[in-house]
Amino acid sequence: MIRRIIPLLMACVLLTGCAQTDTDSSASKTVFAMDTIMTLTVYDGARADALRAAETELTRLDALLDRAAAGSAVYSLNANGTVRSEELSALLSTAAEIARESDGAFDPTIAPVLALWGFGSGNVYRVPGQEELAAALDTVGMERVTISGAEITLPEHAQIDLGGIAKGYAGERVRAIFAAHGVTSATIDLGGDVCLLGNKPDGSPWRVAIRDPADRERYLGVLAARDCFIVTSGVYERFFMDNGVCYHHIIDPATGCPAASGLVSVSVVCADGAWADALSTAVSVLGIQDALALRERLRQSVPFEFIALTSDGRVCYTDGVAGTFTPDGESGYVYEPLC
Amino acid sequence: MSMNRSVKLKPNAADLLIVAAVLLLAALALFRFFPGGARDGAQSAVVSIDGKIVERLPLFQRAQRSYTANGYTLRVSVEDGGVRVAQSDCPTQDCVHTGVISRRGQSIVCLPARLTVTIEGAPDGYDLVVGQGVAE
Ligand SMILES: [Zn+2]
């Protein structure tokens, strides 16, 4: 009798075991960092270790880059005008390069102007006067920040805010940690922006829906993508009304005023996280034509694509995503491939 | 030890019971790990606090829940295949203003309470959603 029970019990254990490894293949973690909620999901490799290491790294980056946290490298830089940090120096060098390539459309030294409008942290929204705006604009200019090895020095009165690049950089770091843990399939949701690692576990590309900023229940379309960052910037994220005029948070460093590029929302697709993040701001400031010129300039070094919603209801997308972006027929927008 | 002596050709009642038990266990295992197969389109609202899942609420049945997290209390309501934060004493009220979510990948976030409600389950044509940018 016992001899017959044992193989049956073994069969039972095997059945349960198989079912578990077959489908219980993803592990995910939610992390609060950089003023948002990040969701990390890994499908293979050393999943638990990868997630733990990623969370530690995000906490570390928050402590390094949060300008509001006393003791962070960025806080020290703003408070003392100088700081030594190899990592911050490398990130600021990238920021300076993007500022240069985009003719200043992306510029982390815009911080004092943002603060005037109330788009800094904890400030009250208001329309600044001409004189104070001119004075704040005088401090703006990434090219005047001195980076020498690990030593960073700001010109007088200048302030840095890495909000437009830090999340993308964090995604870059998490992706590297995942890769080091043997992960080949993962998604990193950085609070509305994503990094895709590899393909889905079934080998097909990830299907990423781009939300319609005008209606949370609707979508501009679905993009099939792999191994890239998709970062969205939108004027709708922060804005205020004053005397019937809408003032939004994407400030054009050339004028110190909300960008009048005619773009409501821009999603940039790029292999590099820091660039994707910064380029989403740059494209929002530049508008379609200048953004296409920027894309042409970067074609060899940092190729990127974008999908933009214009204020007159058109969804424009670059030719590189023409084959992978599926417009949503119910959105009510006019779709316009760019070439 | 020799097997020959204990071989019996006719299974007895105990053998049948064991076979039945194994089949039942196998069925349970399948149901547990492939719940989608049992109910097509089944979705659930996953409630997390401080990044830890505290509850999964199936969207096909009405439910009312209260969660207290980091000093704030939120009332979550499941009805008509969707979920919303019906009430919250958090200062921003972003969670309440988000309204009803009903599609896979959508989420409601309450930053002050560090509480999230995310829809998981049946595929709906996409794996992820971008562009919902949570305001600071
Ligand atoms: Zn809330």
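Some points to look at:
- Peptide ranges A:227-235, A:129-137 listed from the most packed, as the mean C-beta count within 10 angstrom indicates: A:227-235, A:129-137
- Dipole magnitude (debye, nearest 20) for chain A, charges at Cβ of Lys, Arg, Asp, Glu: 1200
- Segment A:Arg226-A:Thr153, extension gain: residue separation times 0.36 nm, minus the distance between their alpha carbons: 22.5 nm
- Per residue of peptide B:101-109, the mean number of Cβ atoms on other chains within 10 Å of the residue Cβ is 3.
- Scaling against 2.2 N^0.38 Å puts the C-alpha radius of gyration of chain A at 1.13.
- When the helices of chain A are scored as -39500 (n - 2.57) per DSSP H run of n ≥ 4 and the total is divided over every residue, the value at 222 nm lands at -11000 deg cm²/dmol.
- Farthest positive-ward along chain A dipole, Cα basis, beta-carbon charges - from A:Ala96, A:Ala158, A:Gly168: A:Gly168
- Taken over segment A:205-339, the alpha-carbon convex hull comes to 113 cubic angstrom per residue.
- Within the shell of other residues whose beta carbon sits under 14 angstrom from the beta carbon of A:His181, the net charge comes to +1, with Lys and Arg scored +1 and Asp and Glu -1.
- Cα-based equivalent ellipsoid of segment A:26-159: semi-axis lengths in Å, sorted from largest, via gyration tensor: 32, 19, 14
- Per-residue extension of 0.36 nm, minus the Cα-Cα distance of A:Thr326 and A:Asn243, leaves a gain of 26.0 nm for this segment.
- Of the peptides A:245-252, B:96-103, the order by per-residue mean of other Cβ atoms within 10 Å, starting with the highest, comes out as A:245-252, B:96-103.
- Total formal charge among the other residues, if their Cβ is under 14 angstrom from that of A:Thr30, Lys/Arg +1 and Asp/Glu -1: 0
- Approximate spin-label separation A:Ser311-A:Ser204, in nm, with each point projected 7 Å along Cα-to-Cβ: 4.0
- Those trypsin sites (Lys or Arg not before Pro) in segment A:250-339 that DSSP places in a loop and that have at most 16 other beta carbons within 10 Å: A:Arg299
- Annotation: amide H of A:Asp212 within the under-5 Å range of A:Arg218, A:Tyr219, A:Leu220, sequence separation 5 or more or interchain, hydrogens built in the peptide plane.
- Under the span-like rule (Cα at least 24 Å along the axis, Kyte-Doolittle mean at least 0.5), DSSP H helices of chain A: A:2-23
- Inter-chain neighbour count for B:44-50: the average number of beta-carbon atoms from partner chains within 10 Å of each residue's beta-carbon is 1.
- Averaged over the residues of A:184-196, the number of partner chain Cβ atoms lying within 10 Å of the residue Cβ comes to 3.
- Summed residue charge, Cβ within 13 Å of A:Cys339's Cβ, Lys/Arg positive, Asp/Glu negative: -3
- Kirkwood estimate for segment A:29-82, i.e. one over the average of 1/r between Cα atoms, Å: 12.4
- Relative to the current alpha-carbon distance between A:Gln289 and A:Glu131, full extension at 0.36 nm per residue lengthens the span by 53.8 nm.
Throughout, read-outs are computed from the coordinates displayed, never taken from laboratory work. As the structure is a computational prediction, the values presented were derived from the model and not from experiment. Neighbour counts run over all protein chains shown; Cβ positions are idealised from the backbone, glycine included.
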